[in-house]
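Remarks on the structure that follows.
The values are calculated or read from the model by the stated rules, or taken from the named source; none is laboratory data. Everything quoted here is computed from the prediction, not taken from an experiment. Neighbour counts run over all protein chains shown; Cβ positions are idealised from the backbone, glycine included. What goes into the accessible areas is simple: the full protein's heavy atoms, side chains included, and nothing from ligands, DNA or RNA. Shrake-Rupley method; radii C 1.70, N 1.55, O 1.52, S 1.80 Å.
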Amino acid sequence: MLPEAKIGPAPNIGVIYPASSKPEDTLAADNYAAIRNWLYLDMAVYGRYNHIAWSYLEEKGYTPVIEDGDMDILAQGNPDFIAFNYYTSQTVGESLNDGNDFSHTGDQHEIVGEPGAYRGSVNPNLQKTEFGWEIDPVGFRSTLRQIYSRYHLPLIVTENGLGAFDKLEEGDVVNDPYRIEFFNKHIEQIQLAITDGVDVFGFCPWSAIDLVSTHQGSSKRYGFIYVDREEFDIKELRRIRKQSFHWYQKLIETNGEIR
């Protein structure tokens, strides 16, 4: 219908660190990166499954049924760009197959770890959000560089943001300097990635307005605009511009110069 339109995949991607300099931890990080990151993008861009991820699927008996002609269809995908969501990096170590390979990350609803492949870990070098997500702007730059080095396609960031317990103060004021700091540091890393030669053509913050989080409902707020409601009381749903709204408005007006 739109032959000149452009299309591309949009997975959640993040750089994977080894828990230490042990070779076994580095190998575990490679395993996790293949399964979490490159499984999807290799398939979308190259039209084939990542060989490390595929061997893991074979070992576990998880391989999908592939009919005649399926791989030919995949090979014809040829995306014009890669979109991706980035919130944090992740860290893993060697799997010990002792029943304790799993660890909770972020809001305690995401579990990282796979016996025989990698063990979930934490990064002691990073600060965390109120919901336990590690904050890693430099990892954002590394992620941009890794994706572009691997696929050489233009990139657009489709989600990046900070969930927090924002408070509505007297006079309809919502001060969220922590969100401004988060975006400042991440946008700076985009600019640095561009100086590294990465082709980035867009950035979409998450999100313009507060929304209902998958796990934390209305208490976890991401927006530049505050929605006056509580978990079980929708009130009048008034929209109130936060401090970050005005900051981001100026950032757009100056093409990133005001930070």
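Take the conditions among the hydroxyl-bearing types (Ser, Thr, Tyr), under 23 Å from residue 143 (Cβ atoms) and either in contact with a Cys (Cβ under 8 Å, 6 or more places away or on another chain) or part of a loop (DSSP other than H, G, I, E, B) (or both) and apply them to residue 207. Does it pass? Break it down stepwise before answering.
Values: among the hydroxyl-bearing types (Ser, Thr, Tyr): yes; under 23 Å from residue 143 (Cβ atoms): yes; either in contact with a Cys (Cβ under 8 Å, 6 or more places away or on another chain) or part of a loop (DSSP other than H, G, I, E, B) (or both): yes.
The answer is yes for residue 207.
Examine region 60-79 for a residue that is open to solvent by less than 40 Å² (accessible area, probe 1.4 Å) and not in a loop (DSSP other than H, G, I, E, B), and state whether such a residue exists. The answer is no, given that none of the residues of region 60-79 is open to solvent by less than 40 Å² (accessible area, probe 1.4 Å) and not in a loop (DSSP other than H, G, I, E, B). The combined condition, being among the charged types (D, E, K, R), in a strand (DSSP E or B), open to solvent by 30 Å² or more (accessible area, probe 1.4 Å) and within 30 Å of residue 53 (Cα to Cα), is not fulfilled by residue 141.
Once region 230-259 is narrowed to residues that are open to solvent by less than 50 Å² (accessible area, probe 1.4 Å) and over 17 Å from residue 176 (Cα atoms), the residue that is modelled with the lowest pLDDT is 256.
For (1) more than 20 Å from residue 14 (Cβ to Cβ); (2) within 21 Å of the chain's Cα centre (by Cα); (3) part of a loop (DSSP other than H, G, I, E, B); (4) basic (Lys, Arg), each residue gets a yes or a no:
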| residue | (1), (2), (3), (4) |
| --- | --- |
| 156 | no, yes, no, no |
| 162 | no, yes, yes, no |
| 166 | yes, no, yes, no |
| 175 | yes, no, yes, no |
| 178 | yes, yes, no, no |
| 185 | no, yes, no, yes |
| 189 | no, yes, no, no |
| 192 | no, yes, no, no |
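Go through region 186-210 and give me each residue that's touching a strand residue (DSSP E or B) at 6+ places or on another chain (Cβ under 9 Å), among the hydrophobic types (A, V, I, L, M, F, W, C) and either more than 20 Å from residue 176 (Cβ to Cβ) or surrounded by fewer than 15 Cβ atoms within 10 Å (Cβ to Cβ) (or both). Of everything in region 186-210, those that are touching a strand residue (DSSP E or B) at 6+ places or on another chain (Cβ under 9 Å), among the hydrophobic types (A, V, I, L, M, F, W, C) and either more than 20 Å from residue 176 (Cβ to Cβ) or surrounded by fewer than 15 Cβ atoms within 10 Å (Cβ to Cβ) (or both) turn out to be 190, 193, 194, 198, 200, 201, 204, 208, 209. The set of residues in region 43-96 being of a type in the set (D, E, K, R) and more than 26 Å from residue 161 (Cα to Cα) consists of 48, 58, 59, 60, 67, 68, 70, 72, 94. Determine whether residue 130 is over 19 Å from residue 211 (Cα atoms), open to solvent by 70 Å² or more (accessible area, probe 1.4 Å) and out of contact with any helix residue (DSSP H, G or I) (no Cβ under 8 Å at 6 or more places or on another chain). Against the criterion (over 19 Å from residue 211 (Cα atoms), open to solvent by 70 Å² or more (accessible area, probe 1.4 Å) and out of contact with any helix residue (DSSP H, G or I) (no Cβ under 8 Å at 6 or more places or on another chain)), residue 130 does not qualify.
List pairs: first residue in region 113-133 and in contact (Cβ under 8 Å) with a residue 60 or more places away in the chain, second residue among the acidic types (Asp, Glu) anywhere in the structure, Cβ distance under 7 angstrom, at least six positions apart or on different chains. Final answer for the pair search is 114/101; 119/94; 119/101; 123/134; 131/107.
Going through region 107-138 one residue at a time, which ones are part of a strand (DSSP E or B) and more than 16 Å from the chain's Cα centre (by Cα)?
113, 114, 118, 119, 120, 121, 127
Taking every residue in region 17-42 that is closer than 15 Å to residue 101 by Cα and open to solvent by 60 Å² or more (accessible area, probe 1.4 Å) and pairing it with any residue that is among the small types (Gly, Ala, Ser) and part of a helix (DSSP H, G or I), at least 6 positions away or on another chain, yields no pair with a Cβ-Cβ distance below 9 Å.
Among the residues of region 43-59, those identified as open to solvent by less than 40 Å² (accessible area, probe 1.4 Å), in a helix (DSSP H, G or I) and under 18 Å from residue 152 (Cβ atoms) are 44, 45.
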